[in-house]
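Nothing in this text is a laboratory measurement; each read-out follows from the coordinates by a stated rule. If you're wondering where the values come from, they're calculated on a predicted model, not measured in any experiment. A quick note on method: Cβ atoms are made from the backbone with ideal geometry, for glycine too, and the neighbour counts reach across all protein chains shown.
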Amino acid sequence: MSDDPVLFGLYVPPHPHPLLAPDQNKGWGELRAAYDECRRRIEESDADVIIVYSTTWPSIVGHQFQVQPEPEWVHVDDDFHFLGSMPYKFKMDTEFGNAYRDAAESRGLHSRTVSYHGFPIDTGSVVALSLLNPDNRIPACIVSSNMYANRAETIVLGKAARDALKAQGKKAVIVAVSSLSNRMFTKHVEPENDRIHSAKDEEWNRKILEFFEKGRLEDLSQLSRDIHGQIRVQKVVAYKPAWWMAATMGQHNNYDGEVLAYAALHGSGGAVIQLTPSKGSVGDKEFDEDDVEIYRGDRNVLTTGTGDMQASGGVDGPLDEAERPTEEDWDWKNPLEYAEDLYDEYGSTVVSHASGALGVAAGTVIAGPVGGLAGGIVARKKVSKMLNKDGAIIAENAPKAVGAYPHARRVGKLLFISGVGPRNPTDNTIPGGPIEDDKGNPLDYDIEAQTEACIENIRIIMEACDAELDDIIDITTFLVDMKRDFKGYNKVYAKHFEEIQATRTTLAIQALPTPIAVEMKVIAKAP
């Protein structure tokens, strides 16, 4: 693979902590050290350009490429402004940026360059280039991450990068800037208390890292939607870097993978990873999804300005008036109207907005008079209003109820959550083990693991209610063995609720319907 235009790829976190505060937390310092090691490797490489794909530079329509020769400004992160300012002055490879734009357009993508003083560089790109290329020894190219691009569109964007590199005879180091799990704490966390947001996030972060370490980049790309569905991350942007990275690096599994560092960043998972093409075969693929060469507008999203819907399967642009399907030709509805129909049909039962028509509506950008991003905000507000109607709420990703009751019910400004245990939503197993076997014989179990899983299930239900753990105001806990389990339960409880300060009652009971040791019932503020 000596003729491969990509020397190696890096996957790095976008948070400013390793740049501005590496000494405040051990994990942040380890990430900084990993960044420094990657900087050294880049300096020793024969790279002609560094290509940065940043999830913190979102675009709405098409893809943007930064070609201002020397963008210069002072950046302050919106979420972590208290860490300080990030002045920057970068050197862009304008020739390559324009070539990348042209290659993307030739593959059917809507693409444009950005070249004017004062255009803000995003946090992820500022952090990555400041740490990986501080002296601007190698020119860079930054490409945006389209918020609504599907896998086909993102794969084609990656292939276009290879086209441009081959056309110019250049070698590149590519950098995907993204978190692993990306749920962050909603309140300030002291640096010494930073941790991964939940046990489920930690579990799946480790599985993703295992794919990287084994060099299974194409498998990770193809499986990423399933993986992030398990993590229950609603931000679609989370798996796009794997798509782009796989396509840009050649869509195979034959890499030497190295995880240089992994740590929590305000609750999210941050990792510095390197993938280097290996010699030999390209490796077997886990699946074989469509290998798209030309993008033909198959996203089913509304285009800006016209209000036209791009039909699925081969439409290259907005339809002419004569070609536009009518309601009789195509039974299409605005996602918001469809969601309202669902509500009317099912009465007070509201399906979790994490999937289905409500999820489509919440993520849709409305075009025409409201235009672009503003339309998306309007859509989300309308869906939120619908979700705020009184009634039962079923959380699709939570453990199934063991009786005729919903996971939650909204009444006015309050949410009432049914008793929640630690059962795994996927396979109904009990983390930490059941308290007895099928014949009723006592078994040893881990109360801390059960309590952690119980709280995770509550969080899942709260998300389905458009709320968070921080909104909980009262908790009732049931323990089947108070003397044995209170200490371990109380330890885990404090980790999640010490700052929230909900009122609490803990009761000893004789048994629960399933062989579990703990169940929690909560009341929360409704959004």
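Worth pointing out:
- Taking other C-beta atoms within 10 angstrom as a stand-in for reagent exposure, F65, F212 fall in the order F212, F65, fewest first.
- Distance between the 7 Å Cα→Cβ label points at E44 and D135: 1.6 nm.
- R0 of 25 Å, Cβ-Cβ distance D470-N424: FRET efficiency to nearest 0.05: 0.55
- Principal axis extents of the C-alpha atoms in segment 6-277 (largest first, rounded to whole Å): 48, 38, 36.
- Length-normalised contact order for segment 413-525 - Cα pairs under 8 Å, 6+ apart - percent: 40 percent
- Taking the Cα centre of segment 6-277 as reference, the dipole from Cβ charges on Lys and Arg (+1) and Asp and Glu (-1) amounts to some 660 debye.
- Per-residue Cβ neighbour rank within 10 angstrom, fewest leading, E519, E448, E192, E95: E192, E95, E448, E519
- Which of L414, L31 has the fewest Cβ neighbours within 10 Å, and the rest in rising order: L414, L31
- Sites Q510 and Y405, calculated FRET efficiency, Cβ-Cβ separation with R0 22 Å, nearest 0.05: 0.60
- Percent of Cα pairs exceeding the 13 Å cut-off, where the set is segment 1-54: 65 percent
- For segment 1-52, the dipole from Cβ point charges (+1 on Lys and Arg, -1 on Asp and Glu) about the Cα centre works out to 360 debye, to the nearest 20.
- Across segment 427-432, rounded Karplus estimates of 3J(HN,Hα) from the backbone phi angles (6.51 cos²θ - 1.76 cosθ + 1.60, θ = phi - 60°) give 10, 6, 6, 10, x, x Hz, Gly and Pro being marked x.
- Listed residue (P13, N25, C38) projecting farthest to the positive dipole end of segment 1-42, Cβ model: N25
- The distance linking segment 30-89 with segment 100-155 is 10 Å (Cα centroid to Cα centroid, whole angstrom).
- With only Cα atoms counted, segment 380-527 has Rg and Dmax values of 15.4, 52 Å.
- Compactness index (Cα Rg / 2.2 N^0.38 Å), segment 1-137: 1.10
- R0 of 25 Å, Cβ-Cβ distance K487-N441: FRET efficiency to nearest 0.05: 0.55
- About its Cα centre, segment 413-525 has a charge dipole of approximately 380 debye under the convention of +1 per Lys or Arg Cβ and -1 per Asp or Glu Cβ, with nothing else charged.
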